[in-house]
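Values in this text are rule-based calculations from the coordinates and carry no lab data. Given the structure is predicted, the values throughout are model-derived calculations rather than measurements. Note: ideal-geometry Cβ built from the backbone for every residue, glycine included; neighbour counts use all protein chains shown.
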Amino acid sequence: MSSSKSCFWSELGGPYQAFSTLSDEGDWQSIIRQIATVVAPNAEAPLKILDYGSGLGTTAASIRRCLYGDHGLLSSWTLYDPDEFARNASTFSMPEISARLSVSIVDEVPENREFDIVLFVHTSYYLDQFEDVLDRSFRELLAMRNGQVICVVMPKASPFFIKGLNNAHVWAAERIVSVAKKKGFKCDVIKLRSRFRWLSEISMDRMLSELITSFVCGRSSITEREVNLTREALVGEVDFGDWLISIRR
């Protein structure tokens, strides 16, 4: 990940919590269950999963519960994030609870390790060269027989990407699929609902507006113009329309 993202969570933890609070919890849980459903038939347990840009570890913890609770599968996890704040938080939200439900929290992508799944959940936007990471995943990190990369990512037409504000993201869903197919990989896409509700009665709340804008921009320093653009785009109910992309040989 970009070195500029090595303090993402310490800078944007508050904005993330605000953004997450206004996101539809039922939709998010459906996304988690869908990830587990795609992961489940991939390999024999315990599944070995690398969460690339794992953040606070909450997403990995939710998928682990679904794999075990819904599919009866054990999973062994490696959580990679360059942010020390995130890694420290992960020790609480994603603890190791068994030798067969193991967790490693790392600040560098492991070498000489083989995984069944490399997982990117809304992290491709923050990678300098996602194409290089994709190549390395299939060259070095994934099991030869049936390993796969799984991405949860928004399409370029998502309301999250606001013209004149943050719509310069390179690695939206369509480009990931296009690049993967050009490399000869197989791609399956599942389009999922991911709603965000910013109620009108709190639309002018200054603190909330600044927090939401900071998260959308990916930085704490924002302008009044950016706050207004964010309000115009997101107040009400919008569907960010996540894509779940499964990439395999």
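Here are the numbers:
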read-out: Flag if Arg195 is surrounded by 13 or more Cβ atoms within 10 Å (Cβ to Cβ), basic (Lys, Arg) and touching a helix residue (DSSP H, G or I) at 6+ places or on another chain (Cβ under 9 Å); value: yes
read-out: Pair list, Cβ < 7 Å and 6+ apart or interchain, from the stretch 120-149 residues that are surrounded by fewer than 19 Cβ atoms within 10 Å (Cβ to Cβ) to residues that are among the charged types (D, E, K, R) and assigned to a helix (DSSP H, G or I); value: Tyr126/Lys5
read-out: Filter result (more than 23 Å from the chain's Cα centre (by Cα) and farther than 23 Å from Glu174 by Cβ) within the stretch 184-208; value: Leu199, Ser200, Glu201, Ile202, Ser203, Met204, Asp205, Arg206, Met207
read-out: Answer from Ser200, Ser194 - the residue that is within 29 Å of Ser10 (Cβ to Cβ), polar (S, T, N, Q) and either in contact with a strand residue (DSSP E or B) (Cβ under 7 Å, 6 or more places away or on another chain) or in contact (Cβ under 8 Å) with a residue 24 or more places away in the chain (or both); value: Ser194
read-out: Among the residues listed as Glu96, Glu108, the single one being acidic (Asp, Glu), assigned to a loop (DSSP other than H, G, I, E, B) and either under 22 Å from Cys7 (Cα atoms) or out of contact with any strand residue (DSSP E or B) (no Cβ under 8 Å at 6 or more places or on another chain) (or both); value: Glu108
